[in-house]
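*Asks:* Below you'll find the structure I mean.
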Amino acid sequence: GLFIWHLKSTGIRHVPCQFVHLCHVANDRLITFQYFTFLKRMYVTQYNKDLSQRAKPKSDSVASPFREFQQLDQEKKVIKIRPISPVHQPLSETTRGNELRETKSAAETEEAVTPVRAESKEDRQWKEMKLRLDDLPGILARLSKIKLTALVVSTASAGFAMAPVPFDLTCFLLASLGTGLASCAANSINQFFEVPFDSNMNRTKNRPLVRGQISPLLAVCFAASCGVPGIALLTLGVNPLTGALGAFNIFLYTCCYTPMKRMSIANTWVGAVVGAIPPVMGWTAATGSLDAGALLLGGILYSWQFPHFNALSWNLREDYSRGGYCMMSVTHPGLCRRVALRHCLALIGLSTLAPVLDITTWTFPVVSLPLNLYISYLGFRFYRDADRSSSRKLFFCSLWHLPMLLLVMFTCKKSFLEKEDKGDLLGGNHGRAMEIRLP
């Protein structure tokens, strides 16, 4: 540094330009104390890595998982400050007595708080849930969605009652029992597949498999113990057609509808087909064949499900979005409202087809018209307003609309004797015509 300063002060103009430039560069970049320090630090870090400084991340403070514990810790950390007497003044006996009392009271309170805190900690810890035999029927009822199963059995019973054949009590009981068992199996398998998604939804987070009340193996065994006897009962005790419809419905619900709920909004139409099959099963259980009446009952159930489910899903959009389900109410809200209104109006047309197909009398379209007009009005309100109030009204209306419509349909059903007399009359007229034609 002194040498370079000497060159600058004595004869820097007489030195060649390149040497001057070199001195400038050396003075600005190389010959500095900071640069020597930098080189030393680089040497230490590269060739003697044991001496290099390593940054240690700051450890996160372990917070208590429960707020009650934090509050107790804060209460225990309260420091009591009392005035300190000067050193030269001796402590009086009263002061010593007060200090002893405070120490004893603090020790007693600490001993009293410690077992309470320990008990609460033991209660709050994760525990293995043990299955009790008394709780098993209720858990299996929730696993099989007993309310939905009851609705499925009731629609199948309506299809059996609407069939134009004499009522057979044994066949009716076998068909109802087999349909109920098939529904329990399908619902159980559905919950088995949707455990990780149901845990994210408020509506389904308390299901037995999500809470761990039963094991997945027990759920699968229960589904198998319901599905196999149910399909065997429908096939052997009723007829093979009804058993095939029951097996197809289980497959459609578990293997098609359940995975499609996270893939496409077409799952709503597939689910509507699943709900339309039970009344068809009731009809085939009574008649042993697929007639126009069975398809009409299936069509009524098919159309009824759109205002019912679309209104229900409208208020559960946040839940379905959180669970990862692809529903019309989440991805296509306008289509959701249009489809609900469209099928409300379709119920009027389907009710009119019943007397045309010789299933009911002409009083059925007239008597059912106020019911269908009212649900259509609520469907229009839901389409226009698109709020929670209108969707809730449409959903609750659909709950009593279906049983009322099926009851009116049953009361307006054409009796089997009338159809038999009509068939005999047509057969007699045909025989007379044949007699006239014969020479």
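*Asks:* Let me spell it out: the conditions are (1) at pLDDT 95 or above; (2) open to solvent by 70 Å² or more (accessible area, probe 1.4 Å); (3) of a type outside the set (S, T, N, Q), and Lys422 meets all of them except one. Which number is the exception?
*Replies:* Every listed condition holds for Lys422 apart from (1).
*Asks:* Look at segment 240-264 and say how many of its residues are without any contact (Cβ under 8 Å) to a residue 12 or more places away in the chain and under 16 Å from Ala185 (Cα atoms).
*Replies:* Total satisfying the criteria: 3.
*Asks:* On the given criteria, is Leu241 more than 17 Å from Leu151 (Cα to Cα) and part of a helix (DSSP H, G or I)?
*Replies:* yes
*Asks:* Across segment 163-184, what is the total count of residues that are over 21 Å from Tyr257 (Cα atoms) and open to solvent by 30 Å² or more (accessible area, probe 1.4 Å)?
*Replies:* Going through segment 163-184 one residue at a time, the tally reaches 11.
*Asks:* Mind counting the residues in segment 240-268 that are crowded, with 17+ Cβ neighbours inside 10 Å and out of contact with any helix residue (DSSP H, G or I) (no Cβ under 7 Å at 6 or more places or on another chain)?
*Replies:* The qualifying residues number 0.
*Asks:* Is it the case that segment 346-366 has a residue that's open to solvent by 10 Å² or more (accessible area, probe 1.4 Å) and either closer than 26 Å to Cys256 by Cα or assigned by the TED database to the domain that holds Asn200 (or both)?
*Replies:* Yes.
*Asks:* Among the candidates Val274, Val220, which residue alone is in a helix (DSSP H, G or I), among the hydrophobic types (A, V, I, L, M, F, W, C) and crowded, with 20+ Cβ neighbours inside 10 Å?
*Replies:* Going through Val274, Val220 in turn, the sole match is Val274.
*Asks:* Say whether the condition of being in contact (Cβ under 8 Å) with a residue 24 or more places away in the chain, in contact with a Leu (Cβ under 8 Å, 6 or more places away or on another chain), open to solvent by 30 Å² or more (accessible area, probe 1.4 Å) and part of a loop (DSSP other than H, G, I, E, B) is met by at least one residue in segment 185-208.
*Replies:* There is at least one residue in segment 185-208 that is in contact (Cβ under 8 Å) with a residue 24 or more places away in the chain, in contact with a Leu (Cβ under 8 Å, 6 or more places away or on another chain), open to solvent by 30 Å² or more (accessible area, probe 1.4 Å) and part of a loop (DSSP other than H, G, I, E, B).
*Asks:* Do we have Ser329 as modelled with pLDDT of 95 or more, hydroxyl-bearing (Ser, Thr, Tyr) and open to solvent by less than 20 Å² (accessible area, probe 1.4 Å) here?
*Replies:* Considered against the rule, which asks whether it is modelled with pLDDT of 95 or more, hydroxyl-bearing (Ser, Thr, Tyr) and open to solvent by less than 20 Å² (accessible area, probe 1.4 Å), Ser329 comes out as no.
*Asks:* Before we move on, is Ile231 of a type in the set (A, V, I, L, M) and touching a Ser or Thr at 6+ places or on another chain (Cβ under 7 Å)?
*Replies:* Judged against the criteria, Ile231 is not a match.
The values are calculated or read from the model by the stated rules, or taken from the named source; none is laboratory data. As the structure is a computational prediction, the values presented were derived from the model and not from experiment. A quick note on method: Cβ atoms are made from the backbone with ideal geometry, for glycine too, and the neighbour counts reach across all protein chains shown. Surface accessibility is based on the protein's heavy atoms, side chains included, excluding ligands, DNA and RNA. Shrake-Rupley method; radii C 1.70, N 1.55, O 1.52, S 1.80 Å.
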